[in-house]
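Right, one structure below, let's go through it.
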Amino acid sequence: MASGMLSLTCPSSSSLSLPHHFKGGAAAAGKPKLLNQASVFGKRFVNTESFTRTTMAVALNVSRFESITMAPPDPILGVSEAFRADTNEMKLNLGVGAYRTEDLQPYVLNVVKKAEKLMLERGENKEYLPIEGLASFNKVTAELLLGANNPLILEQRVATVQGLSGTGSLRLAAALIERYFPGAKVLISSPSWGNHKNIFNDARVPWSEYRYYDPSTVGLDFDGMIADIKAAPEGSFVLLHGCAHNPTGIDPTPEQWEIIADVIQEKNHIPFFDVAYQGFASGSLDVDASSVRLFAARGLELLVAQSYSKNLGLYAERIGAINIVCSSADAATRVKSQIKRLARPMYSNPPVHGARIVANVVGDPELFNEWKEEMEVMAGRIKSVRQKLYDSLRAKDKSGKDWSFILRQIGMFSFTGLNKAQSDNMTNKWHVYMTKDGRISLAGLSSAKCEYLADAIFDSYHNVS
Ligand code: PGU
């Protein structure tokens with residue numbers, strides 16, 4: 001609209017001393033709709049004293065942000081936006097990794113409600129937290145990750161800082177790498193959670209990929225992974241998914257983790273774990289932390305970003321932490337001080353609500369046990385729809401196609417192997433919303449919808465190339 005106004009009201013755009021990029025934009029206008037609007041304004045401007053001033057005001061209506069182009073929708077969160085806009089009653093949102101009940105409703109854990117009730121009863125205040133976050137949260141989060149009696153904690157060798165959930169914690173670590181390991185590369189699995197690359201790009205940390213997924217076996221390309229970690233420059237950061245690899249749902253075996261640790265140690269790399277699904281892979285918090293604990297027990301220095309979005313269902317509370325295990329208490333103190341320094345100008349200090357919930361749940365033996373039970377229920381529901389989806393596909397598909405990889409994958413997701421065109425068919429024809437890499441979130445599936453989903457997958461796989 002602003003462009004059209006300018007083309008009719010200004011004798012010449014140069015008289016307004018516009019910056020160069022505005023002139024081109026204004027002159028290039030001329031859509032009929034714009035001209036109609038402009039003619040109304042043109043009449044109003046005739047013979048008025050304020051012509052120049054008004055025109056100036058109009059000129060300023062040309063946005064300074066003209067050169068900013070439209071960003072593409074987010075590959076994961078954008079799927080939810082598209083889902084909301086769909087009016088078909090069969091629609092199914094399997095895009096974002098967010099747990100739903102059997103009725104496909106969001107779920108607030110009972111232990112979270114109890115923890116919040118406690119907080120209200122205590123009448124807690126809303127004062128700023130320290131930059132590093134809530135002390136009681138930082139204590140329990142490191143204990144949950146490494147085990148309560150881990151000597152690393154007792155020796156104060158773990159620098160823990162509360163972060164804005166998993167993403168914010170990864171971002172803090174990326175900033176630390178950028179500042180103190182200039183030029184060091186982060187190795188990211190191929191494929192990985194889509195936001196990993198964005199995080200390191202924005203922090204200006206170089207990254208490259210290591211092989212991870214083998215489409216021919218729909219399993220782990222372990223040899224490729226090891227070869228790529230070996231070939232990386234000494235002292236690289238190796239980003240590892242602690243459990244329930246996103247998007248593939250394929251984790252290394254305990255024996256493979258040992259070999260990965262060997263190679264990382266040989267090459268003087270620094271392991272960097274992303275733990276977004278502790279408890280969600282196996283249903284056990286301890287089992288799901290075993291990869292991290294294995295590396296820590298070897299005396300390696302390592303980084304671990306944690307998230308409570310999934311396992312406590314605290315998605316919007318943005319609660320998580322960055323833990324840096326150091327070789328001495330002194331190093332941990334210094335590292336922590338620098339992470340705080342990075343956090344302060346980014347967001348000053350973290351929010352308190354989610355931190356209190358976690359501290360109350362993990363710090364109270366009764367609530368802690370109840371949480372574990374609820375987590376088993378959530379993990380169990382996902383396992384049961386995984387089985388049912390597989391059973392439906394197997395019953396429908398007589399082509400000899402082996403769908404058993406669905407059962408071997410763990411965690412919230414199934415990596416179906418559907419390509420982009422097939423994934424598009426899932427959405428456009430069947431109203432099944434999913435990411436374009438072929439990932440479906442089983443946490444958003446009910447057993448009642450398994451049959452329908454199997455029909456959609458069967459059709460997309462066999463009828464779309
Ligand atoms: N790391 C991994 C491996 C993840 O899958 C996710 C979330 C995060 C970190 C960050 O989660 P926070 O909520 O910041 O703690 N992945 C989900 C959620 C949607 C998204 O992309 O943020 C997903 O659907 O992949």
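At 7 Å along the Cα-to-beta-carbon direction for both GLU89 and ILE68, put a label point, then send me their distance in nm to one decimal.
Going by the 7 Å Cα→Cβ label model, 4.2 nm.
Sort 400-408, 237-245 for me by packing, meaning the mean count of neighbouring Cβ atoms within 10 Å per residue, highest on top.
Ranked by mean Cβ neighbours within 10 Å, highest first: 237-245, 400-408.
Which value, in Å², gives the accessible area per residue of the chain when a 1.4 Å probe is used on the protein heavy atoms?
Value returned for the chain: 47 Å² of accessible area per residue.
Top to bottom by accessible area (1.4 Å), largest first, where do THR167, THR427 land?
Descending order: THR167, THR427.
If ligands, DNA and RNA are left out, what is the accessible area of TYR308 with a 1.4 Å probe, given in Å² to the nearest 10?
0 Å²
What's the FRET efficiency of LYS197 with ALA148 using the Cβ-Cβ distance as r and R₀ = 22 Å, to the nearest 0.05?
Between LYS197 and ALA148 the formula returns 0.05.
With +1 on each Lys and Arg Cβ and -1 on each Asp and Glu Cβ, how big is the dipole of region 128-363 about its Cα centre, in debye rounded to the nearest 20?
1060 debye
Which of the listed residues, LEU129, LEU314, PRO254, is farthest toward the dipole's positive end in region 128-363, when Lys, Arg count +1 and Asp, Glu count -1 at the beta-carbon?
Towards the positive end, the residue furthest out is LEU129.
Only helical DSSP H runs with n ≥ 4 go in: add -39500 (n - 2.57) per run for the chain, normalise by residue count and round the 222 nm mean residue ellipticity to 500 deg cm²/dmol.
The helix-only estimate for the chain comes to -15000 deg cm²/dmol at 222 nm.
Among residues other than TYR347 whose Cβ falls under 12 Å from its Cβ, what is the net charge (Lys/Arg +1, Asp/Glu -1)?
After counting each charged neighbour, the total is +4.
Given R₀ = 56 Å, what would the calculated FRET efficiency be for ARG122 paired with LYS398, taking r from the Cβ atoms and rounding to 0.05?
Once the sixth-power term is evaluated, E becomes 0.35.
Quick one: putting +1 on the C-beta of Lys and Arg, -1 on the C-beta of Asp and Glu, what dipole do you get for the chain around its Cα centre, in Debye to the nearest 20?
Computed about the Cα centre, the dipole is about 1760 debye.
Modelled label-to-label distance, PHE181 and GLU376, 7 Å Cα→beta-carbon offset: nm?
3.8 nm
Round to the nearest 10 and give me the degree value, 0 to 90, for the angle of helix 365-396's Cα axis relative to the longest principal axis of the chain.
The angle comes out near 80 degrees.
From largest accessible area down, sort TYR213, TYR180; use a 1.4 Å probe on the protein chains.
In descending accessible area the options line up as TYR180, TYR213.
For a quick check: with amide H placed at 1.01 Å from N, whose amide H comes under 5 Å from GLY163's, ignoring anything fewer than 5 positions away on the same chain?
GLY320, ALA321, ILE322
Where Lys and Arg each count +1 and Asp and Glu each count -1, what net charge lies around PRO106 among other residues with Cβ under 15 Å from its Cβ?
Counting the neighbours of PRO106, the net charge comes to +1.
In nm, to one decimal, how far is the TYR347 label point from the GLU451 one, both placed 7 Å along Cα→Cβ?
Modelled inter-label distance: 4.4 nm.
Do any of LYS197/LYS436; LYS336/LYS372; LYS117/LYS310 go past 24 Å between their Cα atoms, and which?
Cα-Cα > 24 Å for LYS336/LYS372; rest within.
Just to confirm the number: angle between the C-alpha axis of helix 32-45 and the first principal axis of the chain, 0 to 90 degrees, nearest 10?
50 degrees
For LYS113, list the aspartates and glutamates whose Cα falls under 17 Å from its own Cα; do not include residues on the same chain fewer than 8 positions away.
Within the straight-line cut-off, LYS113 pairs with GLU121, GLU124, GLU317, ASP364, GLU366, GLU370, GLU373, GLU374.
The values are calculated or read from the model by the stated rules, or taken from the named source; none is laboratory data. Values in this document were obtained by computation on a predicted structure and should not be read as measured data. Don't worry about glycine lacking a Cβ; one is built from the backbone with ideal geometry, like all the others, and counts go over all protein chains shown. Note: areas computed on protein heavy atoms with side chains; ligands, DNA, RNA excluded. Shrake-Rupley method; radii C 1.70, N 1.55, O 1.52, S 1.80 Å.
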